[in-house]
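Chemist: Input: one structure, supplied below.
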Amino acid sequence: MVVHPGAQNHLPDTRDIVSLATAVAGCRGCDLYRAAEPAVFGAGPTSARILLVGDQPGDDDLDAESWAGFAEPFAGHAGRLLDDALAAAGIDRHDVYRTTAVKHVRFDRAGRRRIRKKPSGSQITACRPWLLAELAVVRPRVVVCLGATAAHSLLGADVRVAGRRGTILRLPEWLHVAGDPAVIVTIHPSAVLRAWTNQDDAFDSLVRDLRRAVGYAGETAPVSPADRCP
Ligand code: URA
Ligand code: SF4
């Protein structure tokens, strides 16, 4: 197994979201920077009570330039489905902080096509310092892991989404995340898009888990407008 040095030495001294989002472009914590696709950092209000973690940037996210000139996660298809699910759960997408477990996309080239690949365990671990830095800034009440890669990053490689979804979990103590947020594991919105036969059921199950997160966060009221961007 390839062991990557990890992102730790690439984090800036100043830990606000703009400084972090700027510094991630220079990260060499694993081999994924070499593909020369831009890194995509998280986005959303830093006063959000809910922080959502996906897997890696989507293809559309790389082109999106949504806040302060930065690309942003969940700007494409998966993001639109996520927005619908959040709305159905009673929360506006602008009131949650959205990010990914790995900030550079992993893919193989097949001719001119790019085929996305799941990040490896060591890439997930290498990139985790960025996610932990976001958690330290946002200090959410609830972290929602959307799919197995996010769950792997924060809860360990052994966590099975199907077995643990929807229940209130806690982060391992050794991650030293301040504020002891609750963690809820659910499916990734892309899994709903891929569910050809029972897409409605898959969507409803995602909404159910998000509702639990909203309920636990204790507030569906919007964050203050001044705090909506980034
Ligand atoms: N887009 C994706 O495809 N996946 C994510 O996790 C985030 C954005
Ligand atoms: Fe750094 Fe993460 Fe990109 Fe790897 S994927 S180079 S750890 S930002």
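The values are calculated or read from the model by the stated rules, or taken from the named source; none is laboratory data. Quantities reported herein were computed from a predicted structural model and do not represent experimental measurements. So basically every Cβ, Gly included, is an ideal-geometry build from the backbone, and we count neighbours across all protein chains shown. We work out accessible area using only protein heavy atoms, side chains counted, and drop any ligands, DNA or RNA first. Shrake-Rupley method; radii C 1.70, N 1.55, O 1.52, S 1.80 Å.
Chemist: Averaged per residue, what accessible surface does the chain expose to a 1.4 Å probe, in Å²? Walk me through the numbers before you get to the answer.
Modeler: Details: 10810 Å² over 230 residues.
That works out to 47 Å² for each residue.
Chemist: Around Q123, under 15 Å between beta carbons, what's the net of Lys plus Arg minus Asp minus Glu among the other residues? Let's see the in-between values first.
Modeler: Details: positive: R28, R34, K103, R106, R116, K117, K118, R128; negative: D31, E37, D55, D108.
The answer is +4.
Chemist: Given a 10 angstrom Cα cut-off, can you work out which residue in L169, L146, L52 is the most mobile in a GNM of the chain?
Modeler: Looking only at L169, L146, L52, the biggest GNM fluctuation is shown by L169.
Chemist: Under the definition of Cα pairs under 8 Å and six or more residues apart, what whole-number percent is the relative contact order of the chain? List each step's numbers first, then the result.
Modeler: Values: 458 pairs, mean separation 56.0, N = 230.
Computed value for the chain: 24 percent relative contact order.
Chemist: Now a separate question. Just the Cα atoms of segment 55-163: what Rg and Dmax do they give in Å?
Modeler: Considering segment 55-163 through its Cα atoms, Rg and Dmax are 14.4, 44 Å.
Chemist: Return one quarter of the surface area of the convex hull spanned by the alpha-carbon atoms of segment 1-104, equal to its mean projected area, in nm².
Modeler: On the way: hull surface 28.8 nm².
Computed as one quarter of the Cα hull surface, the answer is 7.2 nm².
Chemist: Same structure, new question: Counting DSSP beta bridges with both partners in segment 8-219, what percentage is antiparallel, nearest 5? Intermediate values should be presented prior to the final figure.
Modeler: Working: 8 of 21 bridges.
Bridges in segment 8-219 that DSSP calls antiparallel: roughly 40 percent.
Chemist: Helix by helix, which DSSP H runs in the chain go 18 Å or more along their axis at the Cα atoms and have an average Kyte-Doolittle hydropathy of -1.0 or more?
Modeler: Passing helices, by number: 121-138, 199-217.
Chemist: Further question: Is the shape of the chain best called rounded, prolate or oblate, per the rule: a/c under 1.5 gives rounded, else a/b larger than b/c gives prolate, else oblate, with a ≥ b ≥ c the square roots of the Cα gyration tensor eigenvalues?
Modeler: Working: a/c = 1.33, a/b = 1.16, b/c = 1.14.
Rounded shape, in that the Cα axes give a/c under 1.5.
Chemist: How would you classify segment 173-217 from its alpha-carbon gyration tensor, with a ≥ b ≥ c the square roots of the eigenvalues: rounded for a/c under 1.5, else prolate if a/b is greater than b/c, otherwise oblate? Before the final figure, lay out the partial values.
Modeler: On the way: a/c = 5.11, a/b = 2.18, b/c = 2.35.
Oblate.
Chemist: Continuing with this model, one more query. What is the packing order of peptides 190-199, 208-217, taking the mean over residues of other C-beta atoms within 10 Å and listing the highest first? The partial results should precede the final answer.
Modeler: On the way: 190-199: 13.9, 208-217: 20.0.
In decreasing order of mean packing, 190-199, 208-217 become 208-217, 190-199.
Chemist: Continuing with this model, one more query. Rounded to whole Å and ordered largest first, report the semi-axes of the equivalent ellipsoid of segment 16-56 derived from its Cα gyration tensor (root of 5λ). Walk me through the numbers on the way to the answer.
Modeler: Details: eigenvalues 100, 31, 11 Å².
Ellipsoid semi-axes (Å, largest first): 22, 13, 7.
Chemist: A further question follows. Using a 1.4 Å probe on the protein chains only, how many percent of the accessible area of the chain belongs to carbon and sulfur?
Modeler: Values: 5360 of 10810 Å².
Heavy-atom surface of the chain belonging to carbon and sulfur, 1.4 Å probe: 50 percent.
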